[in-house]
Amino acid sequence: EKGLVHTDMFFLSPMKHDETLTKWRWQNVKQVGLRASLRTGLSSALVKDRIVMFGGVCDKEGDEEDPEDSDDEGVEDSALFYNELYSIHFDGERATWSMVNYTGKREDRKKEEETVAGEKEENCDEVKKMEDMSIETQPEEPKTLTVESGAFTVSSTIGLQDQNGSGGGENSKNGDDKKDSKLFNIPTPRFNAGLVYKSGKLYLYGGMVETGDKDLTLCDFHWLDTHKLDAWNTIIENDQQKMEWVAEDDDLSDEDSEGEEDSEGEEDMDTE
């Protein structure tokens, strides 16, 4: 069995000329802008004239896992979890999506600029050294080698091949994402978190995340200034690493029942 994720959006409004507000109708909303990828379990809150949504989860594509293999340690996560923040502005039956870009705190921006400037200087020095090394190791001229064999004459040019490696595009992108999460103190990916807006601040609490065959319930607490959109602030830290896995009651009851059956079997053998 495979679930189906819906991406359509509807708007519930009262019927025109109905002053009693007893007649309502659903209307399909046209969505434009930078929409979120396929996911479910987003947390939403009304912020003035728009709705903001955080996080979500989406099952990975591929064959379903074998139930017998699901108990193995180190099993790969079967879902993708998100910690992006989206804003949706409504204008009648039209919804415009946009991703919230954090500005960063002033002191963090200053540190980041100093770090980037230092990295640029180091890169320039490294490039200079590499250019000097390449000039020293550059051959005088490419050589042409000619080989004659009967009616055939083969000529080939021997020179220095380009040894420039390919850039780490994907790795650098993943590195940038992790860097942004740390710089803006973005809460870890999750779904079904509590999200509310009060007095210019957006509050995010808890949520759930899966690691292998374990479902973890989070209890961290964060807030974001919706005017500055600089960075998230932590009220209660994430203690996910300190969590202990506790077996469910069903598992414990199964173990108890197995123990009782074994003891009854031993008693029957004694009576015989």
Before I look further, what does the stretch 1-57 give for accessible area per residue, probe 1.4 Å, in whole square angstrom? 76
Per-residue SASA entry for residue 226, accessible area with 1.4 Å probe, Å² rounded to 10: 40
Residue 13 accessible area, 1.4 Å probe, all protein chains in place, Å² to nearest 10: 10
Going through the cross-link list 60/182; 23/228; 30/198; 2/198; 178/228, which pairs have a Cα-Cα distance over 31 Å in this structure? 23/228; 2/198
Would you tell me the accessible area of residue 89, worked out with a 1.4 angstrom probe on the heavy atoms of the protein chains, in Å² to the nearest 10? 60
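The values are calculated or read from the model by the stated rules, or taken from the named source; none is laboratory data. Being a predicted model, the structure only gives us computed values, none of them experimental. Side chains included, ligands, DNA and RNA excluded: accessible areas come from the protein's heavy atoms. Shrake-Rupley method; radii C 1.70, N 1.55, O 1.52, S 1.80 Å.
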